[in-house]
Structures are given as structure tokens and as C-alpha cells.
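One structure below.
What follows draws every value from the coordinates through simple rules; no lab data is involved. Everything numeric here is computed off the predicted structure, so don't read it as measured data. Positions of Cβ are backbone-derived with ideal geometry, glycine not excepted, and every protein chain shown enters the neighbour counts.
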Amino acid sequence: MSVSIQHHPEDQEFVATVDGYEAELAYSQPAPDTIDFAHTFVDEALRGKGVGEALAKEGLAYAREKNLRVKTSCEFMAGFVQRHPEYQDLLA
């Protein structure tokens, strides 16, 4: 399955569209050097297909590229980072 992800900085979100269904990873920037992943939503039709994981990787890649410290208010993102030690160094 191909997941196309777009970053909408003006809305502070990453959006994935697959087969007409959407998923999103919303964030805030509580400080200039910090990104807080606040909420993940994956349409029921896309759940269990790796869409949330693709969003998480895209958001974390953005944080790394911009040298941002990461907070994970979103339960899904907190669990994702915990399961993937390669992202631990990003945590605020």
C-alpha cells in the first residue's frame, strides 16, 4: 500500500491520504525548538495498515531534520517512540 503524506505547517499537521480516506498527525510548537505531537487520527478503514506508523515516521523525520526536541502528548506517538529506540534521542 502506498501512503502519500503531506505536511501542512500552517495547520500544524501531517496528513495521509489512502484510497480516499484520511489520517492525520497533529502537532503544536510550544517553543521554537520543540514539537509536541498532540493527536493522531486514522480513519477506521485504514487502521492496522501501517498508516499511523508512516505518519509517525514522517513527523519524527521532520523533527530530526529541523533539530526539534520532541514531546509526545499523543498516546500513539508516545508508544511508537518507546517501541523504536532510534527516536529516543529526539525526546525533550
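In whole Å, what are the Cα extents of the stretch 4-90 along the three principal axes, biggest one first?
The Cα atoms of the stretch 4-90 stretch 35, 30, 19 Å along the principal axes, largest first.
As a test of the formula, what do you get for the chain when each DSSP H run with n ≥ 4 contributes -39,500 (n - 2.57) and the sum is divided by the residue count, at 222 nm and rounded to the nearest 500 deg cm²/dmol?
Result for the chain: -8000 deg cm²/dmol, rounded to the nearest 500.
Helix 51-65 sits at what angle to the longest principal axis of the chain, using alpha carbons and giving 0 to 90 degrees rounded to 10?
Helix 51-65 sits roughly 30 degrees off the main axis of the chain.
How much net charge surrounds residue 86 when only other residues with a Cβ under 12 Å from its Cβ are counted (Lys, Arg +1; Asp, Glu -1)?
Its environment carries a net charge of +2.
Considering only the other residues whose Cβ falls under 9 Å of the Cβ of residue 16, what net charge follows from Lys and Arg at +1 and Asp and Glu at -1?
-3
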